[in-house]
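Taking it in order: structure first as structure tokens, then the write-up.
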Amino acid sequence: MERYITRLKELLNQFSFSEFKSLLNELDTEILKGNISHFSEEFLYYFEQIMAFVNDQYVVDGKHQTLGNMLMTDALVHKERLTPTLIMSFFLEQKRNLNLGNFCNEMDINHYGNSYRMMIADKHDNDTCSLEINWGFYKAFADDPDKFNFEMMHDILHELTHVYQLTRTEQTDNLFDQLTYYDYQKDSILINSGGDMSNSFFHQALLSEFMADEQAIVYMLSLAKKHPEYFNEDFIQKKREEYQMEKNTPGFDFGSNPRKAFASLLSDIKRMVENYPNTHPMKAALSQIEEIEKKSQPLIAALELQGISEKATDSYFNIYLKSLYQFDGQNIILTGEEEEKGFVS
């Protein structure tokens, strides 16, 4: 890895596009062969510096784009599967977009088959975290570049939302962020007390998982609408229909009323442990969550007064698009409001 860091430093001082492309190709080959899996903070720092070079000749949506934007757009338009280095660039770009430059500064790309998709490894002992991508999982999409690219980008956004959640604080004046902090704390308590993340009903009912999925799919569907050349229309239509079904299906609280789904999960856990001794870890967890719920309720009420909640019938906020939006039963409507609402910093 030191050799690659040295080459990146040299390119920063004297940039050559052809040499940089050659380096990217070499890195991608070695990653896909499994010869390189870990990317340190130092590597990502210099890699990001080059990918963030602004190309004055390349303009999309009225804005000058970076080298990373240009390379990624070229792959999407030409229906080529995104390479590991392009995915790395996308992750770093979105991290900058969320002002998370000081967090999650390491990455691992492994090949573990279908064991998992992607995750944030939270290292509590030294207060850091890293992104772990299981490239082997995505081989199932290898014959469909549009699906491969969409799913990979979606999952990057999903996991990066978890980084956003775990970096929020209780002291912020931003009501949306403060509620995000409390939701993440409640979910973490449940998970750390024995919650089964492999159980789809448990996983779906967590508010932090709803938020991560919602942030990712709204961004991706908005991107596909703005740039129909990126993805196959039939594939995007299926994604739209899946989203519509989750929002419109009566009684499907996971999509239409996530706080109700979470409350149902807590009720189920209470019934499950009520006959166990007081030493059952979930009893202590439920008591902790109850205290956090008391702090959450005024925030939920204040946001609902502005018409903002996770309910499908209300407005919600997308951290990547930096906009409130509404779902009208068929379409996602961005309102463009961010500064007017008091919860957004």
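The values are calculated or read from the model by the stated rules, or taken from the named source; none is laboratory data. Keep in mind that what you see is a predicted model, and the values were worked out from it rather than measured. With ideal geometry, Cβ positions are generated from the backbone for all residues, glycine too; neighbour counts draw on all protein chains shown. These accessible areas exclude ligands, DNA and RNA; they are computed on the full protein's heavy atoms, side chains included. Shrake-Rupley method; radii C 1.70, N 1.55, O 1.52, S 1.80 Å.
Exactly one of (1) open to solvent by less than 70 Å² (accessible area, probe 1.4 Å); (2) closer than 25 Å to GLY195 by Cα; (3) modelled with pLDDT of 90 or more is unmet by GLY255. Its number?
(3)
Return a yes/no flag: does segment 204-223 have any residue that is among the aromatic types (Phe, Trp, Tyr), touching a helix residue (DSSP H, G or I) at 6+ places or on another chain (Cβ under 7 Å) and under 26 Å from LYS123 (Cβ atoms).
yes
Are any residues in segment 179-211 among the aliphatic types (A, V, I, L, M) and either over 27 Å from LEU324 (Cβ atoms) or surrounded by fewer than 21 Cβ atoms within 10 Å (Cβ to Cβ) (or both), and if so, which ones?
Selection gives ILE189, LEU190, ILE191, MET197.
All but one of (1) over 28 Å from ARG240 (Cβ atoms); (2) open to solvent by 40 Å² or more (accessible area, probe 1.4 Å); (3) not aliphatic (A, V, I, L, M) hold for CYS129; state the number of the condition that does not hold.
Here CYS129 clears every test but (2).
Considering only residues that are touching a residue at least 40 places away in the same chain (Cβ under 8 Å) and within 17 Å of TYR184 (Cβ to Cβ), which ones fall in segment 270-292?
Passing the criteria: ALA285, GLN288, ILE289, ILE292.
Take LYS295 and decide whether it is part of a helix (DSSP H, G or I), touching a residue at least 12 places away in the same chain (Cβ under 8 Å), surrounded by fewer than 16 Cβ atoms within 10 Å (Cβ to Cβ) and in contact with a helix residue (DSSP H, G or I) (Cβ under 7 Å, 6 or more places away or on another chain).
Against the criterion (part of a helix (DSSP H, G or I), touching a residue at least 12 places away in the same chain (Cβ under 8 Å), surrounded by fewer than 16 Cβ atoms within 10 Å (Cβ to Cβ) and in contact with a helix residue (DSSP H, G or I) (Cβ under 7 Å, 6 or more places away or on another chain)), LYS295 qualifies.
May I ask you to say which residue of LYS322, LYS260, LYS283 is of a type in the set (Lys, Arg), open to solvent by less than 80 Å² (accessible area, probe 1.4 Å) and under 19 Å from ALA212 (Cβ atoms)?
None of the other options fit; the residue is LYS322.
Within segment 13-39, can you find the residues that are open to solvent by 80 Å² or more (accessible area, probe 1.4 Å) and under 24 Å from the mean Cα position of the chain (by Cα)?
Scanning segment 13-39 gives a single hit, LEU32.
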